[in-house]
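The values are calculated or read from the model by the stated rules, or taken from the named source; none is laboratory data. What you see is a predicted model, and the numbers here were worked out from it, not measured in a lab. Cβ: placed from backbone, ideal geometry, glycine included. Neighbour counts: every protein chain shown. Heavy atoms of the whole protein, side chains included, go into the accessibility calculation; ligands, DNA and RNA do not. Shrake-Rupley method; radii C 1.70, N 1.55, O 1.52, S 1.80 Å.
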Amino acid sequence: LAENAPGSAWLLFSLLSALYTFAMNHPRYDRALEALCNKNPVSVLKRTKQRPRLTPRTDCLDTKEMKAAVAFLSNHQNRTAANALTLLLLTGARKREITELKYLEVNFIKRVISLPADRIKTKQPRQIPCTEAIMSILQE
């Protein structure tokens, strides 16, 4: 975890440490367990003092590649697949967010897609503003 997701490892370390510290300092902490755990077991692990800095992604399309992809998709025979892929490119949404998109989730007047929390990775409702290109695809 520390190698592949250092930010997550740092956060997990912090949460576990806080949990053990809280439990050991809580008045209802069972003293019978003190023999098993008389000090915070996380404290013996090494952790960097600063939270690792997350580096920005570099594996994305540049403007030229984006234009080429949209141009290719605009002439593709399978319009359903081409529209879905174009929406993915233009919105930055996840595949499930686009493939399970319902007509009622699109507000054509306010030009926004409102996605419910149950289909979002973070479990928080999300709104995606729509450009003219996105609106034209959604109106097809």
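Using the Kirkwood radius built from alpha carbon pairs, what does the Stokes-Einstein equation give as D for the stretch 62-126 at 4 °C and 1.567 mPa s, in µm² per second? Could you put the intermediate results ahead of the total?
Values: Rh = 13.0 Å.
Translational diffusion coefficient: 100 µm²/s.
Find, among the trypsin sites (Lys or Arg not before Pro) in the stretch 96-134, those assigned to loop by DSSP (not H, G, I, E, B) with at most 15 other beta-carbon atoms within 10 angstrom.
Loop-located and lightly packed - Lys102, Lys110, Arg111, Lys121, Lys123.
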**Accessible surface ranking that places the most exposed of Glu65, Glu97 first, with a 1.4 angstrom probe** = Glu65, Glu97
**Prompt:** Just the accessible area per residue of the stretch 55-140, please: how many Å² with a 1.4 Å probe?
**Reply:** 74
